[in-house]
Amino acid sequence: MGEKGSGIPSVVREFICVDRLHHACVDAGIKSLGYDIHRTQHIILMHLHETGGAASQKEIADRFGISPAAVATTLKSLEEKGCIKRKTDGGDSRRNTVELTDTGLKIVEKSHRKFAETDEALIRNLSKEELAALENCLKKMTENMREYAKSIGLEVRS
């Protein structure tokens, strides 16, 4: 199953290779649109779009399992680029709501098309049966990793 001497099963190596290539293609797609948006920034823009255009900084940190400080740094950059605006909650000055701007929304809408192109290229030569089998395997692998992560004391998010 594994390559001689590697100690890593070839399926794991292929999985990692596919993931890296997918990320590189997505990054290239976003860059081709003329936006200077890092993957983490883009993920936050996508999340804001999925939540109706707004979320609190704490919700973003919780959703992605990253520190509030890291979220604040990323949001500062997005705000400087005109992609988001932050509003302080009237009742609680410590609570900031983050909203997509028209610029942020345009980036999300254009990048959706690039993501779709990339995803279509990824699965182009796979039959429905192969996709179903792969999905089943990936679900099992995900559950395996969740169980393993919990066993070594990691907090597991959905």
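The values are calculated or read from the model by the stated rules, or taken from the named source; none is laboratory data. What you see is a predicted model, and the numbers here were worked out from it, not measured in a lab. For neighbour counting, all protein chains shown are included, and Cβ atoms are generated from backbone atoms with ideal geometry for every residue, glycine included.
Structure summary
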item: Members of the stretch 45-58 that are within 21 Å of Val156 (Cβ to Cβ) and buried (at least 16 other Cβ atoms within 10 Å of the Cβ); result: His47
item: Positions within the stretch 47-75 being assigned to a helix (DSSP H, G or I) and of a type in the set (A, V, I, L, M, F, W, C), in sequence order; result: Leu48, Ile60, Ala61, Phe64, Ala69, Ala70, Val71, Ala72, Leu75
item: Ile44 vs. criteria within 22 Å of Lys81 (Cα to Cα), assigned to a helix (DSSP H, G or I) and either at pLDDT 90 or above or of a type in the set (A, V, I, L, M) (or both); result: yes
item: So Ser77, is it more than 24 Å from Ala24 (Cβ to Cβ) and hydroxyl-bearing (Ser, Thr, Tyr); result: no
item: Leu134 part of a helix (DSSP H, G or I), without any contact (Cβ under 8 Å) to a residue 24 or more places away in the chain, of a type in the set (A, V, I, L, M) and not assigned by TED's automatic domain parsing to the domain that holds Ala28; result: yes
item: Selection status of Asp36, under 30 Å from Met141 (Cβ atoms) and either touching a helix residue (DSSP H, G or I) at 6+ places or on another chain (Cβ under 9 Å) or not in a strand (DSSP E or B) (or both); result: no
item: Criterion violated by Thr142 - all others in (1) within 18 Å of Asp19 (Cβ to Cβ); (2) in contact with a helix residue (DSSP H, G or I) (Cβ under 9 Å, 6 or more places away or on another chain) satisfied; result: (2)
item: Residues satisfying the stated conditions in the stretch 59-76, i.e. buried (at least 18 other Cβ atoms within 10 Å of the Cβ) and not aliphatic (A, V, I, L, M); result: Thr74
item: Check on Glu79, surrounded by 13 or more Cβ atoms within 10 Å (Cβ to Cβ), acidic (Asp, Glu), at negative phi and not in a loop (DSSP other than H, G, I, E, B); result: yes
item: Among residues of the stretch 18-37, those that are surrounded by 11 or more Cβ atoms within 10 Å (Cβ to Cβ) and either without any contact (Cβ under 8 Å) to a residue 12 or more places away in the chain or within 17 Å of Asp102 (Cβ to Cβ) (or both), counted; result: 7
